[in-house]
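These notes concern the structure reproduced below.
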Amino acid sequence: MLNSYTSSYKTLMVEQNCHGHRCFGSAAINIVMVAQGSCDAMVEYGLHAWDIAAAAVILSEAGGFLIDPTGKPFNVMSRKILCASTEELAISLSNILTHADFEPEG
């Protein structure tokens, strides 16, 4: 899993000329930062439903876009999330990332 993470990070930060990386301490805060327009996107793996459920609703209501990082529809029980300010950005990031697998909750 670490190799998958570092490969995705290198791709985004170096090869795609990303301008910054921020982590605010919780997945919910990271998602809400996208909802308010302070960040363009966020991706995170290994989450639990209680980590992201409320923030996912806030992002959806604010007009943001949520998907599974593999490009599938978002499932709060899948333990992974990719959210972005636009659908196009979310899909573009999904195509760039390598993916880590987690057992779904439930």
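Values quoted throughout were computed directly from the atomic coordinates according to the rules given, and no laboratory measurement underlies them. All figures in this text were calculated on a predicted structure; none of them were measured in a lab.
Using θ = phi - 60° in the Karplus curve 6.51 cos²θ - 1.76 cosθ + 1.60, the 3J(HN,Hα) couplings for the range 75-81 round to 9, 4, 8, 7, 6, 8, 8 Hz; x is entered for Gly and Pro. Quick check: from the Cα gyration tensor, does the range 26-73 come out rounded (a/c under 1.5), prolate or oblate? The shape class here is rounded.
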